[in-house]
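Down below is the structure, laid out as C-alpha cells.
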Amino acid sequence: MATTASPGVAWPARTLDARPWLRFGLRRAGRLLVSLWVLLTASFLMTHLIPGDPVRGALGPTAPAELVAAKRTALGLDDPLPVQYLDHLRGVLTGDLGTSLISQVPVSDVIGQRLPATLWLAVLGFAVAVAVAVPVGVAAGVLTRRGHGRRTELAFTGTSVVLGTIPDFLVGVALVYVFGVRLGLLPVAGNDTLSSLVLPVLALAIGPAAILARVLRVEMVRVLQADYIRTARAKRLPARTVHLRHALPNALTAALTLCGLLLGALVAGTVLVENVFAWPGLGSTIVSSILTKDYPVVQGIVLVYGVGVLLVNTLVDVALALLDPRSMIRED
Amino acid sequence: MSELRFEQVSVRYGRSTVVDGVSLVVPPGEVVGLVGESGSGKSTLARAAVGLAPLHGGSILLDGEPVPLRGRRRPVQMVFQDPFSSLDPRMTIGASIAEAMPRDLDRSARRVEVARLLELVHLDAARADARPAELSGGQRQRVALARALAARPAVVVADEITSALDVSVQGTVLNLVRELQRELGLSMLFISHNLAVVRYVASYVAVMHRGVVVEQGPAAQVLAEPAEPYTRDLLAAVPGSTLRRSHP
Amino acid sequence: MAGVDGIAGVDAVSDPSRAGRDPRRASRWAGVVRTPLGLAAVVLTLALLVLAVVAPMLWSADASAVDTDDILAGPSAEHWAGTDNLGRDIVLRTLVATRLSIGLALGATAIAVVVGLVLGTAPLLLGRRAGRAVVAGVNVAVAFPGLLLALFFAVVFGVGATGAVLAVGFAGAPSFARLVQTLVAGVAAHDYVSAARVAGVGELRILVRHVLPNIAEPLIVNATIGAGSALLSFAGLSFLGLGVQAPAYDWGRLLFEGVGSLYVNPAAAFAPGAAVLLAGLALNLLGESAAKAVGVASPGELSVAPRRRRAARATPLPGPAEPDPQADAPDLVLDVRDLHVGFPARDGRVEPVRGVTFAVRRGEAVGIVGESGSGKSLTALAVAQLLDDLADVRAERLDVLGEDLTAPGGESRRHHLGTSLAMVFQDPMSSFNPTTRVGAQLAEVARHHQGMGRREAMDRAVDRLAAVRIDDAERRVRQYPHEFSGGMRQRAMIGMGLMGSPELVIADEPTTALDVTVQQQVLDLLQAIRRADDVALVLISHDVTVVGDVCDRVLVMYAGRVVEDLPATGLTTSARHPYTRALVAAVPTMDTDLDRPLTVIPGRPVDPADVPVGCAYAARCPLASDRCRAEDPPLAGDGTAHRVACWHAGDPIDVDPGGRPLAQVEAT
C-alpha cells in the first residue's frame, strides 16, 4: 500500500513520489517494450514449434523436393536459429514481414490491404457497445441501488448474462438468417456499401455491450454505497449531481480496465464475425492462411493483432491514470 | 526466561527505511511496551522479530544467539492485531492451536495440550471443535494467545492485540496478558498506540517515531518524566490527560 | 462473448475470507437452487451431462446413417431439423455431438485450471523475485483475448481436436492464473498465514492447509464459468474449420456445415447453434448463481421483507415518549423523540435503534458513546437523513434546525441543511471522492447552495481550508484527497462543513482512524469552531475519554437505547447506570491502579437481531433482578439534567466485576 495515509507513512517515500507521472510513463513504456519483445519472440517461435517442415506443409506432399529446399533457403530456414531470430526481429522492425508462401505477395501488402476493413469493424463495434452500455448500465445501477428494484435487477442481470454469453458468430448467423435469408433487407456479405457494416457491427457489439452494461451496473451499485457518496449526500446535493458527478466517474474508472479487455476481445471477435459475413479483413485472411498453412501471413497477422491489443491496454492504463491519479501509485 | 535483544536493526521496503538502526532489549520475564503512531515502524520491528519482515541491517538475538527463523522450532511467537484475520476460518480452533505445537507430539498428547491451553486462556476446553465464526472478537484473541503459547515460546510479541476489540472486552484480554505473563514468566514485547494500555501492562516502555526509538526506560520513569519532546507530545495527546483537561 | 474469460461472476464479490466465516457452507451452496435462474441452470447442466453419457450409446449408429436419397432436406416429421449433405439426421447428430462438445470443453477447462493453479500459486512457493516474474508474465498474457491465444496455439498444435483442446486450454490458463494469484494473495495477506509461518509451517503445507481450502469456492465457481467459455471457444474454432475434423463432429463442426447450407435448410444451422447456446448458458448461469450464493450477500440482499420506498424519511410515530428535559428550551437545534431505525432482515425486521430521545441546544456539545452495535452511528445518520433507502426510520419527532424531517421536504430545506448542518465521518480517506480534487469538492457546496460562481466558490474553499489550519491552501485545493495526510483530510472534511455557516456539526467517530496526536488536533479544531460561533456539536465515539474531554453532556447507548444521559464532568463520579460505571472503569487511563485487574463486562454486546425482553443489559449486569429481566426500564429524569434507564440506578455494586475469576465470567 503506497497511500500517503499519514505523515509517518509518507515520509520515506516522498522523494519517490515527487514525479509520479514520469515514473508512471517510464514504467508503462518499459512494460510495453517488454510485451512487444515477448510478442515478437512468440511469433517467431510459432513457426518453429510447428511439428514437421512448415514449407513442406504449405506446399503439400507432392511438391518437388528441390522446390521445398529452395523455398527453405529463401526463407532462411536453414540458417542457425539465433540468426533466424535476429533476421526476424530486423525484418519486423524494418516493416519486412516476409512473403506469402502461396500467393508470393509481401505480407505487409496483404496486411495493408486488409487492416482498414478490420479496424473499421472493431472501432465501430466498440463505439456502439460503449454508447449503448454506459447509459443503460448507469441507469440500471441507479435503479437497482441498495434497497431498490430487486425485480429490475433480476431481469437486467438475466438479460445481460444471456446476451453476453451468446457468441458473436452465433449472433452473426442469426442476423444473416433474419435480415438476409428471410427479410432480405441488409447485405450479409462483403463490404461494398455502408449498409453492409450494419450487421457485422451489430454482431460484434451486442455481447460486449451486455457485459459492459452489467459490470457498470454492479460498479454503480457498489460506488453508490461508498462513503464519499454519503458525503455528497451530506452536502445535500441533488440526486442527479450525486449520481453523475460523484458516482459515475468512479464507476467508469473501475469499468475502464474491462473496456480494455473487451476491446481486445472485440478485435479477436472480428476473426469469427468476418468469417460469417465474408468480410475482407484480417480475420478471414488469417483463417484461410492457417488452413492453407501460409505461415508468414499467419505470423504477420498475429503480430498485428498482438500489437493492437498491447496498444489498447496501454491506452486504457493512461486513461485510467488521467481519471484516477491513485492508479499510478497503486502499481508499486 | 529469555532475553530478546535488537541490535541496530534496520528494515527497508524498496527504497524507504521503515526501521532505522533500532536497539532495544526485552529483559527476561519482563514486558516491554512499544508505543508509537501508525507508520512509526513499531509493527515492522515486531514482524522482523519473527521473520515476517526481512532485516536490512543489524541482528536480533535471543539469549545471545540469532533468533531461529527457519525450521520448526520458533521460540519467538507473535499475536496479531485483527482477531478476524488471524484464525483460519476453515479450521477448528483446536487445529489452529495444534498447528503451532512441536512436531513430536502425538495426536492424543496434542488434544490434551489443546485443552490445557484453552483453559489457560479461560476458554472452555470443549470448544476446541468450534470454528472461529462462532467466537467473539475477544475470545478469538484469546485463542490466538493460546496458539502462540502452544509453540512453547521464550518470547511473545503482541502487536496491537486489543485495538480491534470493544472496550468492554479489551479489559479481559489485558488482564489475561498480565496473568499469563506473571504465571509463566514470559518475556514480552507489547506493541500499542495506546499509552494507557501500555502503562497498564508494561514495566518498560520504548517510544518509536519515524523508524527510530527516541526514548526508552522503565515505564514509570518514561511516563512520569519524559525526556524527549515527542514523548511529551504523545502524553499530552492522551484524551483525559491531566495535562490538557479543559472543561468549559 | 467466448473470448472474455475471467470477468464473469462480477455480480457477486467472492471474498474468500468473508465467505469462510459462514459456518453453514453447505447451505450456501444449496442456495444455488433456490433462485429460479439457478435452479434452471442446475437442471440444464444435469440434463446435458446425462445426454453426454447416454446420447452416443443410443443414437450413434442412426446419426451416421447415410441416406443419399434424402440429402439437405428441410425439417419433416421424420427429420425434425432436416438432413445434412449426406442425408444424416441433424437432430440425432446434434444430440450425439453433446459428448464430444462437453468432453472437449471439460478437457480444455481442466488444462486451464491446472496450468492456472501452477502459475497462480508459483509466486507463493517461489519467493519474491521469481514470483514477480511469473506475475508479470501472466499479466502480459492475460491481456490477450482468449480467441487470439487459441488461434496462436491452434497453429502451433495443428488443426484438429487435440490441437484445439490444447489451444483452448492454454488460452484459458492466463486468466485462471491471474484469478488464482489474486485469490492466493488475498488469503496470504491474512494473519493466519503469517501465524502459520511464525509457527514454522512450510510454504507447501501452508498452501495445502490454509490457502487452497480458502480459495476453493471461488475457484470452482470460475471453473464452471470457464467451462462455459471453453465450450463456446470450441464452437468458434470448429466453426472456423480449425477444430474438430470430419468424420468426427462436435456442435461447432455441425454449425459450420449447417451455415454452408443456410439458404437451403436453416434448421441445420439452428439445431447445433441452439445446443451450443443452451449449454454455454447453462454453465455460465450455474457459475453465476453459485457465485451469488457463495459470495457475500449484503444484509439487504437477504431480505424477504416488503420493499419500502422512500423509507429513509422518518415516519411519524404515534404514542408518547418522555422528551428530553431540555426539550422546552427555546434554542434547540435538534429535537429527537422516540427514534427507531429498522432494517429488513431474513426473518422480518431488526431494529438496531429502539426509541432514542434527546435534544441539543444551540452551542451545546453532546457526546454519544457506546460499543459497536449500540446504534450510536445509526442514530447520527438517521438524524442527518443519510441512511440508505433500506433503513426504516420512524420517530415521533425529528426536528433538525427547525426542519421537521418527518414531513417531506423541498428545495429550500436542502439549501438550509446543506449550509447549516455539517457532517464529519470516521474514515477521512474513503469519505472524499478519490477522483475529484479537494477544492472542487468543497466548492460545490457553495456553488450549489449559495449560488456562487466557480471563481468565488474556489476562493471560499481556499479560505475555509486555511480556516481549518491547512497550510498552503492555494496549492492544496488543486490536490487530490490521496495527496493529503489523514489528519489533514479530516480537517478538510470539517472545512467542507464550514463552507456554509453551520449551526450543528455531527461528527461520527471523527478521530477513530487517526493517530493520537492528530486526534487531538481534530478535537481541538472542533472545539474552536464550536466556541467561535456557538455551534452545536454531536460527537459520536466509542471512546469514553474522548467524549468526556470534549462534550458538555454524554448520552450512553446500549443495544439501541439511551441508558444514561449525564453531564460529562460526572462520568467518573456520578454515573448511575451500571453499564456506564463499568464502561468508565473498563478503560485503562493514565491514572488506573496498576495493582488491580481491569474491570471487565462479562458476556458480549447484544445482537440487534436478538434483543432480550426486559433490560437489554440484564444478562451482563451484576445488579440484575427478576424485574430487570421482565421489564425494560424507561429513561427517566430526576428533575436535574441527569436521566437514567435502570431499575437499580445508583445501587452499590458489591462484587467488583473485575474481582470475579475469569473462568466464571466465561460461563455466561
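Quick notes on this one:
- Panel order for A:21, A:120, by other beta carbons found within 10 Å of each beta carbon, from fewest to most: A:21, A:120.
- Distance between the range C:617-644 and the range B:170-202 - C-alpha centres, whole angstrom: 34
- Computed from phi, the 3J(HN,Hα) profile of the range C:82-95 under the Karplus parametrisation 6.51, -1.76, 1.60 (θ = phi - 60°) reads x, 10, 9, 6, 10, x, 8, 6, 5, 4, 4, 5, 5, 5 Hz, with x in place of Gly and Pro.
- Distance from the C-alpha centroid of the range A:66-107 to that of the range C:348-362: 80 Å, rounded to the whole angstrom.
- Value of Rg to Rh for the range A:81-186, rounded to two decimals, is 1.22; Kirkwood radius and Rg both from alpha-carbon coordinates.
- Computed from Cα atoms alone, the Kirkwood hydrodynamic radius reported for the range C:430-502 is 11.7 Å.
- Largest mean-square fluctuation among B:23, B:168, B:192, in a Gaussian network model of chain B whose springs join Cα atoms under 10 Å apart, belongs to B:168.
- Of all DSSP-defined beta bridges confined to chain B, some 55% are antiparallel rather than parallel.
- Estimated vicinal HN-Hα couplings, Hz - the range C:474-484 in sequence order (Karplus 6.51, -1.76, 1.60; Gly, Pro = x): 3, 7, 4, 4, 8, 8, 8, x, 5, 8, 8
- Built amide H within the under 5 Å cut-off of residue B:78, gap 5+: B:157
- Cα shape, chain C, gyration tensor, a/c 1.5 rule: prolate
- Rg/Rh ratio calculated on Cα atoms of the protein assembly as shown (Kirkwood radius): 1.01
- Between 0 and 90°, nearest 10: helix C:212-239 axis offset from chain C longest Cα axis: 40
- If R0 is taken as 25 Å, the Cβ-Cβ distance between residue A:33 and residue A:85 corresponds to a FRET efficiency of 0.90.
- Helix C:36-63 vs. chain C, principal-axis angle (Cα, 0 to 90°, nearest 10): 10
- Only beta bridges with both residues in the protein assembly as shown are counted; by DSSP, about 55 percent of them are antiparallel.
- Tensor-based shape of the range A:151-250 (alpha-carbon gyration tensor, a/c under 1.5 rounded, otherwise prolate or oblate): prolate
- C-alpha center-to-center spacing [the range A:115-141, the range C:190-236] in angstrom: 35
- Residue order, fewest to most surrounding Cβ atoms within 10 angstrom, among C:121, C:182: C:182, C:121
- Here the contact order of chain B, divided by its residue count and restricted to Cα pairs under 8 Å and six or more residues apart, works out to 27 percent.
- Helical runs assigned H by DSSP (4 residues or longer) give chain A a calculated mean residue ellipticity at 222 nm of -23500 deg cm²/dmol, each run adding -39500 (n - 2.57) before division by the residue total.
- Amide H to amide H distances under 5 Å link residue C:504 with C:422, C:536, where only residues 5 or more positions off or on other chains count and H is placed in the peptide plane.
- Distance in nm between pseudo-label sites at residue A:94 and residue C:274 (7 Å out along the Cβ direction from Cα): 5.9
- Loop-located trypsin sites (Lys or Arg not before Pro) in the range B:1-86 (DSSP state not H, G, I, E or B) with no more than 13 neighbouring Cβ atoms inside 10 Å: B:15, B:70, B:73.
- The range A:115-330, relative contact order in percent, only Cα pairs under 8 angstrom and at least six apart counted: 27
- The simple spin-label model puts a point 7 Å past each Cα toward its Cβ; for residue A:318 and residue A:19 those points are separated by 1.9 nm.
- The distance between label points at residue C:524 and residue B:61 comes to 4.3 nm (points 7 Å beyond Cα on the Cα→Cβ vector).
- Going from the residue with the fewest nearby Cβ atoms within 10 Å to the one with the most, B:56, C:542 rank B:56, C:542.
- Between helix C:146-157 and chain C: long-axis angle, C-alpha atoms, 0 to 90°, nearest 10: 40
- Under Karplus coefficients 6.51, -1.76 and 1.60, residue-wise ³J(HN,Hα) of the range B:54-62 in Hz, glycine/proline x: x, 6, 9, x, x, 8, 10, 10, 10
- Using the Cβ-Cβ distance between residue A:178 and residue A:67 with R0 set to 51 Å, the FRET efficiency works out to roughly 0.60.
- Rounded to whole Å, sorted largest first: equivalent-ellipsoid semi-axes of chain B, Cα gyration tensor: 30, 22, 16
- Using the Cβ-Cβ distance between residue C:469 and residue B:182 with R0 set to 35 Å, the FRET efficiency works out to roughly 0.15.
- For the range B:22-83, the spread of Cα positions along each principal axis, largest first, Å: 31, 26, 24
- The C-alpha atoms of the range B:55-135 occupy a region whose extents along the principal axes are 44, 29, 22 Å, arranged from largest to smallest.
- Cut-off under 5 Å, modelled amide H: who pairs with residue B:208 long-range: B:35, B:36, B:214
- Note on the protein assembly as shown: dipole from Cβ charges, positive end direction compared against C:286, A:262, B:61; the farthest Cα belongs to A:262.
- Adding -39500 (n - 2.57) for every DSSP H run of four residues or longer, then dividing by how many residues chain C holds, sets the calculated 222 nm ellipticity at -15000 deg cm²/dmol.
The numbers here are math on the coordinates, done by the rules we state, and not lab data. Owing to the predicted nature of the structure, the values given are computational and were not obtained by experimental measurement. Ideal geometry is used to build each Cβ from the backbone, glycine not excepted, and the neighbour counts take in all protein chains shown.
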